Amino acid sequence: MLKCRNVWKKLAPLARASSTVCRQNVRRAGLPNGRIPARVPVAHMSTGPTGGGGENHLYVLLVGAACLGGGIYAYQTIKGDQQRYQDRINEISSRSQKAATEEPTTPIQSEPPAVKASKTEAVPEPETQAAPSPEEPSPPVPDVELAAAPSETAEPPPADEPVVEAPQEEAAEPPAARVVEEEPSPPSEPSPAELTEPPPAPVVESEPTAAAAAESPSAEPPEPQPEVVAVSGVDSTPASLKVPSHTPYLLIGGGTASFAAARSIRARDPGAKVLIVTDEPDLPYMRPPLSKELWFSDDPSVTETLRFKQWNGKERSIYFQPASFYINPEELDSAENGGVAVLTGKKVVQMDVRGNKVKLDDETEISYDKCLIATGGVPRNLQVIERAGEEVTQKTTLFRKIDDFKSLDKVTRNIKSITIIGGGFLGSELACALGRRSHESDLEVIQMYPEKGNMGKVLPEYLSNWTTEKVKREGVKVITEALVKSVTCKDDKLEIQLKDGRLVKTDHIVAAVGLEPNVDLAKSAGLEVDSDFGGYRVNAELQARSNIWVAGDAACFYDIRLGRRRVEHHDHAVVSGRLAGENMTGANKPYWHQSMFWSDLGPDVGYEAIGIVDSSLPTVGVFAKATAKDTPKAATEQSGTGIRSESETEDTATSPVASSTPAPAMEQHKDDYGKGVIFYLRDKVVVGIILWNVFNRMPIARKIIKDGEEHADLNEVAKLFNIHED
Amino acid sequence: MSSIREEGKDQIIFVTKEDHATPSSAELVEEDPNDPYEERGLILPSGEINWNCPCLGGMASGPCGTDFKDAFSCFHYSKEEVKGSECLEQFRAMQECMQRYPELYPQEDDKVSETDKTSQDSASAEISGANSTSPTVQDSNTTQPNTEGSVES
């Protein structure tokens with residue numbers, strides 16, 4: 001368009017001049033009588049000739065020259081574009097062959113530089129777009145000045161793009177041949193949504209380039225090559241058979257948050273069609289049993305069945321729902337009442353926010369109306385291990401998924417010594433679970449971490465020390481204040497050198513040193529990443545941008561009560577996933593229902609917690625003595641639930657005061673922190689609460705945090721929990 | 001007597017049962033029944049059914065979700081003398097659907113109804129049968145609220 005304008009500008013003065021001259025001639029001709037021609041000072045352009053008869057010839061010459069010049073220019077441009085188009089198509093076709101065999105990400109990365117290298121306008125887009133559209137009849141209008149770009153109107157899904165401007169209407173291309181025109185600037189990165197599935201992918205960006213417009217219609221008749229595009233045509237490829245090209249609800253990631261959102265969406269939007277895309281091979285499952293209950297199972301085939309027996313004797317699978325709950329992705333579009341479809345083994349590598357679509361690692365594109373990003377995270381590793389070489393990394397497990405559980409289970413049956421690096425939730429739970437196993441086999445279980453005690457970053461020091469003693473009693477050799485300096489492999493054994501000089505020899509390492517939230521899509525989608533907490537930055541309603549929400553481990557959200565935070569717990573994934581699902585169906589609710597978390601360290605120590613539980617905050621702990629009734633086992637037996645999170649989330653609107661039952665008299669033991677309540681304070685307001693071996697009181701704790709009041713005497717607050725009773 | 005100890009920034013209080021026998025003087029903010037942000041139970045303040053209630057488990061979202069919603073809505077709004085008597089068709093459809101997914105909706109007769117929180121809904125035998133078939137892969141809900149709220153015919 002700009003080019004056109006420029007051209008016109010150049011021609012305008014000449015045109016005006018010639019029209020002026022023309023008018024003058026006509027006037028003179030039309031005044032045969034001696035009427036004095038009104039010497040109206042018609043705008044004499046500097047270029048306008050004022051002569052007599054010769055001026056006719058001059059006029060013709062000028063106009064002719066202008067037209068010829070314009071025509072030549074247009075011809076050159078079109079020719080050049082055709083050539084570029086051809087080159088581009090060749091490149092793409094060769095690339096699509098490469099993409100079949102190698103990393104799909106490299107072509108994408110090499111594409112933006114290639115794009116920038118070629119020309120200001122992102123040439124590939126219009127060409128790949130043009131290629132699929134030859135299926136529609138498009139009368140070629142190789143007119144440079146008509147930046148004609150009728151949009152694809154057959155598209156139900158939202159082209160919220162400002163599809164091409166006014167000049168569109170001039171074009172007379174009936175069944176919208178979709179022509180995409182790019183902005184000259186480099187958002188060619190988000191834009192390289194190469195159209196591989198013609199029908200549903202809406203127009204990406206619109207920017208009138210005469211060249212683009214001209215080349216696509218003109219390119220089509222001579223070069224109708226739909227097959228050149230990586231995934232061609234309507235449904236000729238196997239990929240497009242399996243994957244729906246459009247889904248109203250797209251959930252990226254197949255974990256807890258995603259499943260909770262799917263359920264929420266289906267509950268609120270009747271007949272909703274939800275597509276979950278996950279790079280794991282498994283259907284959505286819950287993670288907590290992977291480090292707890294599954295290890296306590298007596299079933300030798302537990303790694304296959306993934307079923308575990310809860311404390312109350314009831315068995316269940318770690319999968320949220322069996323496979324029959326879901327429908328096949330192919331059937332999603334046609335399902336009358338909608339459903340939830342899970343696409344496993346596919347990774348979303350790119351996101352086009354303006355076009356409302358994503359691209360998978362096999363080049364397929366899926367467009368959506370609403371999208372949830374629930375990509376969770378990847379376990380962190382110690383740098384010393386990463387640099388230590390393959391022998392060491394082969395003997396190291398980063399624990400998160402079902403596959404990790406299976407391989408660790410296998411490994412621990414065959415080795416003599418295992419070391420867990422990390423003293424947080426995962427590390428301590430695994431240590432306890434493996435420590436239990438060590439009673440039967442002669443497996444040595446070592447746990448090492450830089451803090452002074454287990455859960456050192458969560459529990460106040462006195463409690464952390466107490467917990468460490470309990471962990472030791474589970475059969476774990478605990479090494480505190482241990483900083484790993486180097487890890488080497490000698491004689492098929494690992495040697496861990498600590499900074500204070502100690503040397504630990506072991507057969508296998510489990511690194512439980514934190515989670516790196518997965519923000520791979522941030523760049524292509526233009527999403528903000530939080531620098532303090534990591535993860536995608538979202539608002540209190542969990543929204544990142546229009547039509548995009550984030551939930552679970554990857555979401556750094558604004559908690560109205562407690563401030564901005566990012567939470568990596570199971571119940572938070574459920575709560576935030578459910579909330580995101582509600583908001584995707586129009587609820588607009590902020591994060592309000594505070595999620596909780598829990599941990600069990602053996603049969604004697606279990607706690608539930610809510611809010612900000614950071615050991616650096618001042619705490620007030622109120623304790624009584626624990627009886628045999630106050631253990632995690634007893635709690636679940638009484639409430640009839642297997643997982644305390646279930647009892648939390650499936651439980652609603654119970655009265656805040658726990659029912660009281662007569663309790664046995666008990667002694668006071670000064671240093672025995674059997675059971676109690678610990679309050680975490682920030683500026684005298686309770687921001688976090690731990691219920692220590694006290695169960696089924698979470699609603700009270702939630703209420704106290706929600707109120708956000710300053711309480712003068714926390715002992716009085718502790719009374720609300722009735723800690724002496726069951 | 002309660003004993004108080006300080007360890008740095010952390011305060012530790014040990015209390016006996018007697019210490020906690022007197023009612024608490026801590027004040028809690030009064031709950032607003034119409035708070036739009038709060039998580040709701042099965043029945044919303046407007047009288048509608050909250051399909052997203054965690055108490056329903058996967059009932060409203062599974063393959064038989066639509067049938068379940070039809071049947072339960074019909075029952076809920078039923079004004080007949082025998083509540084839900086005109087809803088037999090919907091319940092039959094729901095049962096049929098559930099029978100097609102025995103994995104998801106195991107046919108157990110001895111399970112207690114776990115979905116009804118409201119005491120005004122009298123559960124028909126079919127409802128309790130249907131609700132009890134809610135997937136056992138979901139843990140059955142706590143028995144405590146059941147004793148408060150569930151009504152079984």
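The values are calculated or read from the model by the stated rules, or taken from the named source; none is laboratory data. Here the structure is a predicted model, which means the values were calculated and not measured. A quick note on method: Cβ atoms are made from the backbone with ideal geometry, for glycine too, and the neighbour counts reach across all protein chains shown. These area figures cover heavy atoms from the full protein model, side chains too; ligands, DNA and RNA do not enter into them. Shrake-Rupley method; radii C 1.70, N 1.55, O 1.52, S 1.80 Å.
Taking all protein chains together and rolling a 1.4 Å probe, residue A:390 ends up with roughly 130 Å² accessible. The alpha-carbon positions of region A:265-406 define a convex hull whose volume is 169 Å³ per residue. Computed from backbone phi with θ = phi - 60° and the Karplus coefficients 6.51, -1.76 and 1.60, the 3J(HN,Hα) list for region B:71-80 is 5, 5, 4, 4, 4, 4, 8, 5, 10, 5 Hz; x is used for glycine and proline. With one equal scatterer per alpha carbon and no solvent term, the Debye-computed log10 I(q)/I(0) for region B:1-85 at 0.21, 0.23 1/Å reads -1.06, -1.15. Across all C-alpha atoms in region A:323-459, the radius of gyration and Dmax reach 21.0, 59 Å. Across peptide A:705-718, the average count of Cβ atoms from other chains found within 10 Å of a residue's Cβ is 4. Kirkwood Rh, region A:261-333, all Cα pairs: how many Å? For region A:261-333, the Kirkwood estimate is 14.3 Å.
Put A:77, A:278, A:393 in order of accessible area, highest first, and with a 1.4 Å probe you get A:393, A:77, A:278. For the residues of B:19-31, the average number of beta carbons from a partner chain within 10 Å of their own beta carbon is 6.
Geometric descriptor of region A:333-409, per residue, is 161 Å³ (volume of the convex hull of the Cα atoms). All Cα-Cα separations within region A:414-501 were binned at 10 Å from zero, giving a P(r) of 18, 47, 30, 4, 0, each value a whole percent of the pairs.
Note on residue A:320: accessible area approximately 20 square angstrom, rounded to 10, probe 1.4 Å, nucleic acids and ligands left out. Along each principal axis, taking the top coordinate minus the bottom one, the Cα set of region A:541-616 gives 47, 25, 18 Å in descending order. When the C-alpha to C-alpha distance is required to be over 22 Å, the pairs from A:452/A:485; A:416/A:472; A:395/A:490; A:410/A:485 that qualify are A:410/A:485.
Just tell me how shielded A:444-457 is by partners: mean number of partner chain Cβ atoms within 10 Å of each residue's Cβ, no decimals.
Working: counts 0, 0, 0, 0, 0, 0, 0, 0, 0, 0, 0, 0, 0, 0.
Averaged over the peptide's residues, the number is 0.
Extending 7 Å from Cα along the Cβ direction at residue A:323 and again at residue A:414 yields two label points whose distance is 2.8 nm. Can you tell me how region A:434-564 classifies by the Cα gyration tensor, rounded, prolate or oblate, using a/c under 1.5 as the rounded cut? Since a/c reaches 1.5 and a/b is larger than b/c, the shape of region A:434-564 is classed as prolate. Stokes-Einstein diffusion for region A:366-523 at 25 °C, viscosity 0.890 mPa s, with a Kirkwood radius from C-alpha pairs, works out to 148 µm²/s.
Peptides A:257-263, A:285-291, ordered by how many other C-beta atoms sit within 10 Å of their residues on average, highest first, read A:257-263, A:285-291. The 1.4 Å probe gives accessible areas that order A:279, A:409, A:442, B:67, largest first, as A:442, A:279, B:67, A:409. Panel note: the C-alpha atoms of region A:273-313, placed on their principal axes, show extents of 38, 20, 16 Å (largest first). Once C-alpha pairs closer than 8 Å and six or more residues apart are averaged by separation and normalised to the residue number of region A:375-515, the relative contact order reads 34 percent. Near the amide H of residue A:515, within less than 5 Å, lie the amide hydrogens of A:380, all on another chain or at least 5 residues away, with H placed in the peptide plane.
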